[in-house]
Amino acid sequence: MKLSRREFLINTTVAGGGLVLGFHVPELIKAVEKTLVAGTVHTPNAWVHIADDNTVTLISARSEMGQGVYTSMPMLIAEELNIDLAKIKVVIAPPDPVYTNALLGAQITGGSTSVRDGWEKLRIGGAQVRTMLVTAAANEWKVDASQCRAENGEVFGPGGRKATYGHLAEAAAKLPVPKDVVLKDPKDFRIVGKPVHRLDTPSKVNGTAEYGIDVKLPGMVFASLEQCPVIGGKVKSFNAAKAQAMPGVIDVVEISDGVAVVASSYWQARKAREVLSIQWDEGPGAKLDTASMMAGIHAAAATAKVISIKKTGDAAAVLAGATKTVKAEYELPYLAHATMEPMNFTADFRGGKCLLIGPTQFQQGAQGAVAAALGIKPEDITLKTTFLGGGFGRRLELDFIVQAAQISRAVGKPVKLLWTREDDMGHDYYRPMALHRMAAALGADNKPTALTFQLTSQSVTQRAFGLAKDTLDPFMAEAAVAPYAIPNATHDLVIHDTGLRVGYWRSVSHALNAFANESFIDELAAVAKQDPYAYRLSLLGSQPRFANVLKLAAEKAGWGSAPPAGRSRGIALMEGYDTYMAQVAEISVEKNLIKVHRIVVVADLGRMVNPDTVEAQIHSSVVFGLSATLHDQITLKNGRVEQTNFHDYPVLRLHETPPIDVVLVASTEKPGGIGEPATALVGPAVANAVFAATGKRVRKLPLTPENIARA
Amino acid sequence: MPTNFSLNGKIVSAKSAGDTPLLWVIRDELGLNGTKFGCGIGQCGACTVHVNGAPVRSCQTPLSTVEGKKVATVESLSTNNSHPLQKAWIAHEVPQCGYCQSGQLMSAAALLTSKQNPTDAEIQEAMDGNLCRCGTYNRIRAAIKTAATEMRNQA
């Protein structure tokens with residue numbers, strides 16, 4: 001059974017999916033619109049707004065967190081609307097069912113889905129409006145629509161007639177939205193597939209881009225929130241007398257997650273927070289420490305109920321009777337998201353209505369969670385999304401948004417809540433720890449005849465979306481089944497709750513499963529005394545997209561020739577988010593310290609919208625994955641996260657960043673996602689290179705000198 | 001007692017307490033939002049500004065220490081993106097989420113005032129204190145070289 005994340009979420013979570021064509025125009029967007037463009041705004045559908053002054057505004061239903069949707073979403077609309085990108089403005093959509101991500105069943109930015117979800121929907125949206133503009137022109141000129149064509153913001157008709165989109169918009173907006181529109185043949189694309197300059201870049205090099213931290217409202221006050229050092233702990237009692245007496249302090253209020261100091265400036269709130277005296281009920285989380293949590297995972301792996309991911313043949317029987325078997329266990333740590341912009345949100349709750357402004361990946365969730373927390377209706381909440389100073393899954397969570405709203409309610413004023421870096425590191429929803437138990441039997445030809453794969457880890461989906469217990473969580477099974485031809489294979493999942501809250505983290509379970517699968521196939525190649533590249537290739541059978549990226553990566557990295565003196569290479573292969581990818585890492589190891597000299601990435605992601613952004617996303621994902629591969633782990637002692645800031649949770653710096661060579665396969669396949677897969681694959685590529693360099697198989701990330709020494 | 005200093009060429013008078021980090025004075029009292037808060041302990045560089053031409057972490061710089069000095073933020077480069085570094089940042093499409101880029105640009109600007117033709121090692125030394133979680137480092141390296149070339153040609 002292959003249960004895709006798409007089928008899963010559409011069937012089981014909030015708001016139904018389906019291809020929303022944008023017939024319905026949210027009232028909210030009209031309000032947002034009017035603040036941005038001059039003159040009357042006409043809204044032919046949910047994606048395009050045209051003002052009388054010919055200003056065209058296109059809607060991005062996805063949040064801009066660095067991945068480029070502020071440009072790529074409008075590109076898809078503009079391609080069919082026939083308008084130059086230089087002539088448009090962009091607005092990030094408010095919460096509305098019309099902006100549901102059909103691949104995730106809610107208005108969510110995540111899962112590398114934006115282009116895959118928008119690929120047809122947004123082009124249809126653009127084509128609808130183009131058709132309506134042409135019809136409006138034809139009606140005005142009393143000619144047949146087939147005699148008119150729309151071209152870069154104007155409609156041209158017979159006898160030299162022409163009219164701007166702005167002139168035609170009012171009439172066009174009154175026409176019925178056409179249900180069937182003909183989309184361009186991709187060979188005629190003029191925008192999509194070409195490297196385009198990002199529309200957000202100019203504002204990001206002169207300080208004018210607005211992030212959550214930059215939001216200002218009239219009469220706004222600032223909040224700093226002390227949360228229990230043990231996640232989940234509650235306030236028992238507190239004494240705010242000293243804090244109340246500090247300069248600028250307006251109020252000290254208790255909310256569900258802790259005690260907030262509210263002051264007329266952020267720094268005053270932050271200083272006063274230091275003198276709060278709070279007694280906590282730390283709750284069951286106070287007992288947590290990482291070693292016993294990992295021991296719990298091992299115990300669950302041996303005894304707990306197994307959920308089948310996939311079963312082919314009878315691997316257990318083949319393994320039991322085999323003469324040559326290989327077994328290995330892999331361990332992965334908790335990780336923090338550590339976005340550069342710490343969590344923050346601005347809320348203004350007065351008169352039963354709430355305005356929310358800030359960085360979120362989940363507009364609908366924010367609206368729902370705040371409505372529930374304040375006891376108001378979702379429609380009484382207006383939400384505006386700013387730029388996100390990084391997301392990586394952290395901003396799918398709603399904790400900081402609810403907190404801001406609760407504080408605003410308590411003080412009756414607009415409030416900007418801003419976390420410290422220490423708050424952020426210590427109160428994340430962490431990438432779960434994981435244990436893989438792998439076993440394989442090799443036949444006389446040294447090819448695998450049987451494989452057992454068992455992942456034991458925690459389910460984010462159970463917490464975040466209420467997935468039923470003992471049910472397969474598809475967000476734990478991504479890339480679990482590797483592409484290699486193995487006649488008998490059993491893939492199982494054990495879901496074990498360690499007691500710490502966990503969250504989706506860039507590439508989600510791909511990063512867990514690809515590390516185990518791609519390390520283990522490398523181990524099998526070593527036992528078989530075969531080249532790791534050739535061994536993989538020999539097991540790919542008739543899977544041309546896998547074989548092609550693997551071959552291209554080997555070629556680009558010079559796999560057949562000896563690496564420069566002192567260096568070694570490792571290779572890894574995966575499909576994720578409909579993207580086929582191979583990576584080669586070239587490294588050296590000195591005194592158990594790794595230096596990464598070069599990363600080669602070959603990606604076949606089908607059709608691309610903006611190839612320059614695709615390359616940037618691959619660079620980004622590799623660097624993000626290298627931080628986790630080389631440095632990062634979150635550990636707990638007495639229920640407290642031990643890491644507090646970038647000195648003890650070091651993320652990759654410039655001097656550690658190697659050249660990253662990207663090869664993009666030209667393809668006419670449907671688009672795949674590219675925001676995440678390279679993050680998952682760089683870990684095993686580097687670990688395999690460490691084996692090539694040292695003969696040591698390090699089965700535990702991060703690849704610190706300590707973990708290499710212990711291997 | 002107010003603290004007087006020059007901010008992007010304009011004399012300003014800040015009323016915040018003298019021990020307030022310059023970062024929060026610039027952002028919350030003086031209203032320039034380009035300078036960002038990332039870590040609060042001088043580890044990430046998102047808050048980098050120039051004080052008398054030298055790059056400093058404004059989260060670690062008490063207001064009282066800039067009395068009578070010249071402070072420059074990302075807004076000083078240009079508002080119309082005409083500075084060679086801004087042009088190079090656009091040409092190379094450096095920013096992704098963009099949150100760290102004000103700090104990156106100010107570290108790069110300080111580098112290029114002292115080194116007209118920086119080597120890879122000099123770029124590394126000048127930029128290593130600026131974290132970018134989106135991993136834009138390779139494009140930063142390339143953009144600094146492009147900007148340096150333009151600035152040398154202008155000189």
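The values are calculated or read from the model by the stated rules, or taken from the named source; none is laboratory data. What you see is a predicted model, and the numbers here were worked out from it, not measured in a lab. Cβ placement follows ideal geometry from the backbone for every residue including glycine, while neighbour counts extend to all protein chains displayed. Please note that ligands, DNA and RNA were not included when accessible areas were found on the heavy atoms of the full protein model with its side chains. Shrake-Rupley method; radii C 1.70, N 1.55, O 1.52, S 1.80 Å.
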The residue from A:622, A:665, A:686, A:682 that alone is open to solvent by 10 Å² or more (accessible area, probe 1.4 Å) and among the β-branched types (Val, Ile, Thr) is A:665
Self-check item: Any hit, segment B:62-76, residues being closer than 30 Å to residue A:361 by Cα, open to solvent by 10 Å² or more (accessible area, probe 1.4 Å) and at the interface with chain A (Cβ under 10 Å from one of its Cβ atoms)
Solution: yes
Of A:329, A:254, A:274, the only residue that is of a type in the set (D, E, K, R), modelled with pLDDT of 95 or more, touching a strand residue (DSSP E or B) at 6+ places or on another chain (Cβ under 7 Å) and not assigned by TED's automatic domain parsing to the domain that holds residue A:445 is A:254
Taking segment A:584-595 and keeping only residues that are within 14 Å of another protein chain (Cβ to nearest Cβ) and buried (at least 24 other Cβ atoms within 10 Å of the Cβ), one is left with none
Selection from segment A:225-250 of residues surrounded by 20 or more Cβ atoms within 10 Å (Cβ to Cβ) and charged (D, E, K, R) yields A:226
Checklist entry - Is it true that residue B:54 is open to solvent by 20 Å² or more (accessible area, probe 1.4 Å) and more than 7 Å from chain A (Cβ to nearest Cβ)? => result yes
With the condition kept exactly as written, say whether any residue in segment A:367-387 is farther than 26 Å from residue A:262 by Cα, buried (at least 21 other Cβ atoms within 10 Å of the Cβ) and touching a residue at least 12 places away in the same chain (Cβ under 8 Å). no
The residue that is surrounded by the most Cβ atoms within 10 Å (Cβ to Cβ), considering only those in segment B:119-155 that are polar (S, T, N, Q) and more than 14 Å from chain A (Cβ to nearest Cβ), is B:149
Is it the case that segment A:99-116 has a residue that's surrounded by fewer than 20 Cβ atoms within 10 Å (Cβ to Cβ) and part of a helix (DSSP H, G or I)? no
Residue set A:269, A:263; condition open to solvent by less than 30 Å² (accessible area, probe 1.4 Å), within 14 Å of chain B (Cβ to nearest Cβ), out of contact with any helix residue (DSSP H, G or I) (no Cβ under 6 Å at 6 or more places or on another chain) and not β-branched (Val, Ile, Thr); output residue A:269
* Is it the case that residue A:121 is within 29 Å of residue A:617 (Cβ to Cβ) and in a loop (DSSP other than H, G, I, E, B)? -> no
- residue A:193 vs. criteria on the phi > 0 side of the Ramachandran plot, more than 14 Å from chain B (Cβ to nearest Cβ) and under 27 Å from the mean Cα position of the chain (by Cα): yes
Notebook entry, point to check: Do we find that residue A:210 is open to solvent by 40 Å² or more (accessible area, probe 1.4 Å), in contact with a Ser or Thr (Cβ under 6 Å, 6 or more places away or on another chain) and under 30 Å from residue A:269 (Cβ atoms) in this structure?
Noted result: yes
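Quick grid of which residues meet (1) within 22 Å of the chain's Cα centre (by Cα); (2) open to solvent by 20 Å² or more (accessible area, probe 1.4 Å):
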position	(1), (2)
A:424	yes, no
A:429	yes, yes
A:437	no, yes
A:463	yes, yes
A:487	no, yes
Per the filter on segment B:18-49, residues under 17 Å from residue A:425 (Cα atoms), surrounded by fewer than 24 Cβ atoms within 10 Å (Cβ to Cβ), out of contact with any Ser or Thr (no Cβ under 7 Å at 6 or more places or on another chain) and within 7 Å of chain A (Cβ to nearest Cβ) are B:41, B:43
Of those in segment A:536-557 that are without any contact (Cβ under 8 Å) to a residue 24 or more places away in the chain and either among the acidic types (Asp, Glu) or open to solvent by less than 20 Å² (accessible area, probe 1.4 Å) (or both), the residue nearest to residue A:481 (Cα to Cα) is A:547
Residues of segment A:644-665 being more than 30 Å from residue A:607 (Cα to Cα) and either at the interface with chain B (Cβ under 7 Å from one of its Cβ atoms) or in contact with a Leu (Cβ under 8 Å, 6 or more places away or on another chain) (or both), in sequence order, are A:645, A:646, A:647, A:651, A:652, A:653, A:654, A:655, A:656
Heads up, the strands (runs of 3 or more DSSP E) in segment B:1-102 (entirely inside) with at least 1 residues that are over 12 Å from the mean Cα position of the chain (by Cα) are B:3-7, B:10-14, B:70-72
Within segment A:649-690, the count of residues that are more than 22 Å from the chain's Cα centre (by Cα) and assigned to a helix (DSSP H, G or I) comes to 8
Of the candidates A:318, A:411, A:326, A:306, the one satisfying the condition of being of a type in the set (Val, Ile, Thr) and within 30 Å of residue B:99 (Cβ to Cβ) is A:411
When every residue in segment A:199-215 that is in a loop (DSSP other than H, G, I, E, B) and in contact (Cβ under 8 Å) with a residue 24 or more places away in the chain is compared, the one farthest from the other protein chains (Cβ to nearest Cβ) is A:199
Residue B:118 vs (1) under 25 Å from residue A:338 (Cβ atoms); (2) part of a loop (DSSP other than H, G, I, E, B): all pass except (1)
Here is a check on your reading of the model: is residue B:5 facing chain A (nearest Cβ under 9 Å), open to solvent by less than 10 Å² (accessible area, probe 1.4 Å) and of a type in the set (Phe, Trp, Tyr)?
no
(Q) So for segment B:109-118 (the condition being in contact with a helix residue (DSSP H, G or I) (Cβ under 7 Å, 6 or more places away or on another chain) and within 8 Å of chain A (Cβ to nearest Cβ)), does at least one residue qualify? (A) no
* Asked: Has segment A:603-619 got any residue that is open to solvent by 20 Å² or more (accessible area, probe 1.4 Å), in the same structural domain as residue A:693 (by TED's automatic domain parsing), at positive phi and not in a strand (DSSP E or B)?
  -> no
Counting only strands (runs of 3 or more DSSP E) wholly inside segment A:360-471, the ones holding at least 3 residues that are within 14 Å of chain B (Cβ to nearest Cβ) are A:415-418
Filter segment A:625-643 for residues that are open to solvent by less than 50 Å² (accessible area, probe 1.4 Å), part of a loop (DSSP other than H, G, I, E, B) and within 14 Å of another protein chain (Cβ to nearest Cβ); the one that is nearest to residue A:577 (Cα to Cα) is A:632
